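**Student:** To start, I am sharing the structure in question, which I have written as structure tokens.
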Amino acid sequence: MVLAISKTINRPIFPFTAIVGQEEMKLALILNVIDPKIGGVMIMGDRGTGKSTTIRAIADLLPEIESVENDLFNSHPYNPDLMSDYVKETLENGQNLSVTKIKVPMIDLPLGATEDRVCGTIDIEKALTEGIKSFEPGLLAKANRGILYVDEVNLLDDHLVDILLDSAASGWNTVEREGISIRHPANFVLVGSGNPEEGELRPQLLDRFGMHAEIRTVKDPELRVKIVDERSQFDQNPENYLDQYSIDQLNLKNQIKNAQQNLKDIVLPYDLRIKISKVCSELDVDGLRGDIVTNRAAKAFAAYRNSSEVTVEDIRNIIVLCLRHRLRKDPLESVDSGSKVQQIFQEVFNENL
């Protein structure tokens, strides 16, 4: 007997608004999807704390995006910075493009992935014999305008991490083989996760993640029971469970969409920018990446609150996420990096605890 399947069956995804606790991780993800230029987020924490579940949930929550139909790179139909060269040439030649709406891509990068699998490959034989540039897209192409998730990124080869961070920062991926070069847009939110017991990322790589969220196993017995109950209800009847959270999901989706649209109009007063840079200076943060990311994150948080101007409270909410992983580690120091950032913030902004 042959079974004919007429349509794709989508596996239900646990709703983002139903996730209990782990506020740091949830906030970092929300701010990065509001402003992908923040530079991604590194999530470090214990095993079994819902890292993968939360990342898949935020991707499922996001509004659909317009894309050129059947395009390998999810090209934006109107923004040249998010188009493949082929789409640009098609438009320049006056040809029309079919536009469709797609879900925001959520791509998993497996730990054993090769450079060719990540970046894509050029068919050298076809190029030499037929004079045709034939390109097989990799994971970076599929992740364009979406989220690229690397679990256990601290176990990934440093060379691959470097490639991911370069592409995330520049928004482009370039593949060169035997004198043949192909480039395509690779504008994505890079999300890495890992367990600190399995080793930290090198400081040079860690610093290039926009934010760093730390998560811990929930200790409160009542909260643990609530988390287990919520998951059990979802597993037993996903459709009914998703219906319960449909209004919360829609409200958050609209809140993120509005924040994305309003982000460009958010004002960050000069005196607050001076104080942000003073905090970075007092903490002896190398370079200016910490200043830039904190400015961006503060604006994204203000947009998320539907405010037109950044406040001190906005900065307080995001500054640890932006700076804790940029501090020089002193093995003899007992104060953790998050507490140190908070302490300097209080001193510079003259805020009471």
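**Student:** Of all residues being assigned to a loop (DSSP other than H, G, I, E, B) and among the acidic types (Asp, Glu) in the stretch 303-346, which is modelled with the lowest pLDDT? Just the residue, please. Reasoning before the result, please.
**Tutor:** Narrowing the stretch 303-346 to residues assigned to a loop (DSSP other than H, G, I, E, B): 305-308, 310-311, 327-336.
From what's left, among the acidic types (Asp, Glu): 330, 333, 336.
On the way: 330: 61, 333: 51, 336: 64.
Taking the candidates together, the pick is 333.
**Student:** Quick one: is residue 60 assigned to a helix (DSSP H, G or I), in contact (Cβ under 8 Å) with a residue 40 or more places away in the chain and not assigned by TED's automatic domain parsing to the domain that holds residue 40? Let's see the steps before the verdict.
**Tutor:** On the way: assigned to a helix (DSSP H, G or I): yes; in contact (Cβ under 8 Å) with a residue 40 or more places away in the chain: yes; not assigned by TED's automatic domain parsing to the domain that holds residue 40: no.
The answer is no for residue 60.
**Student:** Would you point out the residue of the stretch 148-167, among those that are of a type in the set (Asp, Glu), in contact (Cβ under 8 Å) with a residue 40 or more places away in the chain and under 14 Å from residue 118 (Cα atoms), that is surrounded by the fewest Cβ atoms within 10 Å (Cβ to Cβ)? Quick ask: steps written out before the conclusion?
**Tutor:** Our first condition is that a residue be of a type in the set (Asp, Glu); within the stretch 148-167, this holds for 151-152, 157-158, 162, 166.
Then drop every residue that is not in contact (Cβ under 8 Å) with a residue 40 or more places away in the chain, which leaves 151-152, 158, 162.
Still in the running and under 14 Å from residue 118 (Cα atoms): 158, 162.
On the way: 158: 11, 162: 14.
The extreme case among them is 158.
**Student:** Does any residue of the stretch 203-214 turn out to be crowded, with 16+ Cβ neighbours inside 10 Å, over 29 Å from residue 303 (Cβ atoms), out of contact with any Pro (no Cβ under 7 Å at 6 or more places or on another chain) and of a type outside the set (Asp, Glu)?
**Tutor:** Step one: of the stretch 203-214, the residues crowded, with 16+ Cβ neighbours inside 10 Å are 205-214.
Then drop every residue that is not over 29 Å from residue 303 (Cβ atoms), which leaves none.
For the stretch 203-214, residues crowded, with 16+ Cβ neighbours inside 10 Å, over 29 Å from residue 303 (Cβ atoms), out of contact with any Pro (no Cβ under 7 Å at 6 or more places or on another chain) and of a type outside the set (Asp, Glu): absent.
**Student:** On to the next question. Filter the stretch 117-131 for residues that are in contact with a Gly (Cβ under 9 Å, 6 or more places away or on another chain) and at pLDDT below 85; which is surrounded by the fewest Cβ atoms within 10 Å (Cβ to Cβ)?
**Tutor:** First, the residues of the stretch 117-131 that are in contact with a Gly (Cβ under 9 Å, 6 or more places away or on another chain): 117-121.
With the extra rule that they be at pLDDT below 85, the set shrinks to 120-121.
Numbers: 120: 21, 121: 17.
So, considering only residues that are in contact with a Gly (Cβ under 9 Å, 6 or more places away or on another chain) and at pLDDT below 85, the one surrounded by the fewest Cβ atoms within 10 Å (Cβ to Cβ) is 121.
**Student:** Checking residue 56 against (1) in contact with a helix residue (DSSP H, G or I) (Cβ under 6 Å, 6 or more places away or on another chain); (2) buried (at least 16 other Cβ atoms within 10 Å of the Cβ), which test does it fail?
**Tutor:** So the condition that residue 56 fails would be (1).
**Student:** Among the residues of the stretch 275-324, which ones are charged (D, E, K, R), surrounded by fewer than 23 Cβ atoms within 10 Å (Cβ to Cβ) and free of Cβ contacts under 8 Å to residues at least 24 places away in the same chain?
**Tutor:** Selection gives 291, 305, 313.
**Student:** Residues being of a type in the set (A, V, I, L, M, F, W, C) and at positive phi: count how many of those fall in the stretch 58-74.
**Tutor:** 0
**Student:** Which residue out of 170, 134 is surrounded by fewer than 16 Cβ atoms within 10 Å (Cβ to Cβ) and at pLDDT 80 or above? Give the steps one after another, and end with the answer.
**Tutor:** On the way: 134 fails: at pLDDT 80 or above.
Within the list 170, 134, the selection yields 170.
**Student:** For the stretch 183-201, enumerate the residues that are surrounded by 15 or more Cβ atoms within 10 Å (Cβ to Cβ), outside any strand (DSSP E or B) and touching a strand residue (DSSP E or B) at 6+ places or on another chain (Cβ under 6 Å).
**Tutor:** Those that are surrounded by 15 or more Cβ atoms within 10 Å (Cβ to Cβ), outside any strand (DSSP E or B) and touching a strand residue (DSSP E or B) at 6+ places or on another chain (Cβ under 6 Å): 186, 188.
**Student:** Among the listed residues 100, 49, which satisfies the condition of being at pLDDT 85 or above and of a type in the set (Ser, Thr, Tyr)? Don't jump to the end; show me each part of the working.
**Tutor:** On the way: 49 fails: at pLDDT 85 or above.
Within the list 100, 49, the selection yields 100.
**Student:** If you don't mind, there's one more thing I want to ask. What are the residues in the stretch 78-110 that are under 20 Å from the mean Cα position of the chain (by Cα) and β-branched (Val, Ile, Thr), if any?
**Tutor:** 102, 104, 107
**Student:** Ok, one more. Could you give me the residue pairs with C-beta distances under 7 Å whose first residue belongs to the stretch 1-21 and is more than 18 Å from residue 223 (Cα to Cα) and in a loop (DSSP other than H, G, I, E, B), whose second residue is basic (Lys, Arg) and at pLDDT 80 or above wherever it lies, and which are 6+ apart or on separate chains?
**Tutor:** Pairs that qualify, where the first residue is more than 18 Å from residue 223 (Cα to Cα) and in a loop (DSSP other than H, G, I, E, B) and the partner is basic (Lys, Arg) and at pLDDT 80 or above, are 13/56.
**Student:** Look through the stretch 67-109, keep the residues that are assigned to a loop (DSSP other than H, G, I, E, B) and of a type in the set (Asp, Glu), and return whichever of them is nearest to residue 158 (Cα to Cα).
**Tutor:** First pass over the stretch 67-109, keeping only residues assigned to a loop (DSSP other than H, G, I, E, B): 69-79, 83-84, 93-98, 103-105, 109.
Filter again for of a type in the set (Asp, Glu), leaving 69, 71.
On the way: 69: 35, 71: 30 Å.
It comes out as 71.
**Student:** Looking at the stretch 87-108, which of its residues are surrounded by 14 or more Cβ atoms within 10 Å (Cβ to Cβ) and over 15 Å from residue 66 (Cβ atoms)?
**Tutor:** Answer for the stretch 87-108, where residues must be surrounded by 14 or more Cβ atoms within 10 Å (Cβ to Cβ) and over 15 Å from residue 66 (Cβ atoms): 90, 106, 107, 108.
**Student:** Would you mind finding the one in 122, 55 that is farther than 26 Å from residue 296 by Cβ, out of contact with any Cys (no Cβ under 9 Å at 6 or more places or on another chain), in contact (Cβ under 8 Å) with a residue 12 or more places away in the chain and not basic (Lys, Arg)?
**Tutor:** On the way: 55 fails: farther than 26 Å from residue 296 by Cβ.
Of 122, 55, the one residue that is farther than 26 Å from residue 296 by Cβ, out of contact with any Cys (no Cβ under 9 Å at 6 or more places or on another chain), in contact (Cβ under 8 Å) with a residue 12 or more places away in the chain and not basic (Lys, Arg) is 122.
The values are calculated or read from the model by the stated rules, or taken from the named source; none is laboratory data. All figures in this text were calculated on a predicted structure; none of them were measured in a lab. Please note: Cβ atoms are built from the backbone with ideal geometry, for glycine as well, and neighbour counts cover all protein chains shown.
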